[in-house]
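Here's the structure, in structure tokens; my notes come after.
The values are calculated or read from the model by the stated rules, or taken from the named source; none is laboratory data. What you see is a predicted model; the values in this text were computed from it and never measured. Neighbour counts are summed over all protein chains in view; Cβ atoms, including those assigned to glycine, are modelled from backbone coordinates with ideal geometry. Ligands, DNA and RNA are stripped out before the accessible areas are found, and what is left, the full protein with its side chains, is counted by its heavy atoms. Shrake-Rupley method; radii C 1.70, N 1.55, O 1.52, S 1.80 Å.
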Amino acid sequence: MGYKYYSLKPILSKNCRYNIIFGERSRGKTTAILEYCITQYVEKGEQSAYIRRWDTDITGKRAQAVFADLESRDRIRALTGGEWTEVYYYASKWYFCAFDEKGNRYNDEKPFMYGFALSAQEHDKGASYPGITTVFFDEFLSRSVYHPDEFVLFCQVLSTIIRHRDNVKIFMAGNSITKYCPYFAEMGITNIKKQEPGTIDLYTYGDSGLTVAVEYTAP
């Protein structure tokens with residue numbers, strides 16, 4: 001049986017503010033969302049936010065490796081119409097880059113993605129990010145522990161990014177290691193233990209009226 005990559009089309013068709021996607025590892029969830037982020041920038045000039053639980057996940061080699069899979073398959077070139085070939089990380093920002101005939105790297109003038117960590121959210125409070133219209137919280141399901149009051153930290157990061165705008169779409173992706181996490185309880189996602197693979201459930205988030213799509217990816 002051939003490998004089938006995950007597609008965002010079904011969950012995007014629900015047109016929800018929050019899009020929670022969980023399922024087996026290596027089904028292409030992260031790749032699909034990263035490609036979506038790139039496309040939003042290439043086609044509309046809109047930037048993205050990449051959120052992880054710990055600041056060590058968005059620094060150094062780990063941060064540089066976020067787009068390694070796309071680079072290895074030459075997807076950066078394809079998604080940018082040949083203008084760029086790789087991604088360069090610097091100071092919590094990701095930029096498109098390419099190389100000239102002499103092998104010298106040159107970068108895009110502005111980042112297409114910013115990095116945020118729940119463990120360091122206090123450092124980002126004063127900044128403004130009006131160009132961000134996509135937020136991606138990768139590996140939101142923890143294998144071990146969550147921060148104390150983690151949902152509050154997540155909401156504070158979102159507040160820093162979004163402010164009072166209503167044009168931001170939020171993705172949260174994780175592997176189905178456990179179906180319990182504080183996000184499900186806080187967001188009123190009650191059917192998670194009974195949800196079948198290959199389905200999308202819809203919820204309304206508290207009294208806010210914000211819509212939430214929850215997809216359990218097909219095996």
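I want to make sure I understand the PRE zone here: with the label point 7 angstrom from the Cα of Ala65 toward its beta carbon, which residues in the range 89-105 have backbone N atoms less than 16 Å away?
Label zone hits: 89.
Take the solvent-accessible surface of the protein heavy atoms, probe 1.4 Å, and return the percent of it on the chain that carbon and sulfur atoms account for.
Carbon plus sulfur share of accessible area: 48 percent.
Within the range 165-219, report the trypsin sites (Lys or Arg not before Pro) that DSSP leaves as loop and that have at most 10 other Cβ atoms within 10 Å.
Counting only loop positions with at most 10 other Cβ atoms within 10 Å, the trypsin sites (Lys or Arg not before Pro) in the range 165-219 are Lys193, Lys194.
For Ser176 and Gln195 in the same chain, what is the full-extension length gain: residue separation times 0.36 nm, less their Cα-Cα distance, in nm? Intermediate results must be reported in sequence, preceding the final value.
On the way: separation 19, 0.36 × 19 = 6.84 nm, distance 1.18 nm.
Roughly 5.7 nm would be gained on extension.
Suppose a student asked you for the relative contact order of the chain, using Cα pairs under 8 Å spaced at least 6 residues apart; what percent would you report? Intermediate values should be presented prior to the final figure.
Numbers: 372 pairs, mean separation 62.0, N = 219.
Dividing the mean separation by the residue count of the chain yields 28 percent.
Return one whole number: the accessible area per residue of the chain in Å², for a 1.4 Å probe. Please report the intermediate quantities before stating the final value.
Working: 11280 Å² over 219 residues.
Per-residue accessible area for the chain comes out at 51 Å².
By DSSP, what percent of the beta bridges with both residues in the chain are antiparallel, rounded to the nearest 5? Walk me through the numbers before you get to the answer.
On the way: 17 of 43 bridges.
Antiparallel bridges: around 40 percent, rounded to the nearest 5.
Starting from the 7 Å offset along Cα-to-Cβ, what nm value, one decimal, do you get for the label separation of Glu109 and Val42?
2.1 nm
For Thr211 and Glu24 in the same chain, what is the full-extension length gain: residue separation times 0.36 nm, less their Cα-Cα distance, in nm?
That works out to 64.9 nm of additional length.
Could you tell me how many degrees, from 0 to 90 and to the nearest 10, lie between the Cα long axis of helix 29-44 and the main elongation axis, the longest principal axis, of the Cα atoms of the chain?
60 degrees
Relative to the longest principal axis of the chain, what angle (0 to 90°, nearest 10) does the C-alpha long axis of helix 150-162 take?
50 degrees
For the range 73-150, state which trypsin sites (Lys or Arg not before Pro) are in a DSSP loop and have at most 14 other beta carbons lying within 10 Å of their beta carbon.
Passing sites in the range 73-150 are Arg73, Lys102, Lys125, Arg143.
Which residues make up the longest stretch of the chain clear of chymotrypsin sites (Phe, Trp or Tyr not before Pro) that lie in a DSSP loop with no more than 15 other Cβ atoms within 10 Å, not counting the sites?
Between exposed loop sites, the widest span is 55-179.
Over 29 Å between C-alpha atoms is what I'm after, so list which of Lys14/Lys61; Lys93/Lys194; Lys169/Lys193 land there.
Distance filter (> 29 Å) returns Lys14/Lys61; Lys93/Lys194.
Determine the equivalent ellipsoid of the chain by diagonalising the alpha-carbon gyration tensor, then write out the semi-axes as square roots of 5 times the eigenvalues, largest first, rounded to whole Å. Working shown, then result.
On the way: eigenvalues 160, 86, 53 Å².
Calculated on Cα positions only, the semi-axes equal 28, 21, 16 Å.
Report the residue, chosen from Cys16, Cys37, Cys181, that carries the largest GNM mean-square fluctuation when the chain is represented by alpha-carbon nodes joined by springs under 10 Å.
Of the options given, Cys181 has the highest mean-square fluctuation.
To the nearest 0.05, how large is the calculated FRET efficiency for Val145 and Lys102 if R₀ is 45 Å and r is the Cβ-Cβ distance?
0.40
Give the percent of DSSP beta bridges with both residues in the range 75-202 that are antiparallel, rounded to the nearest 5.
65 percent
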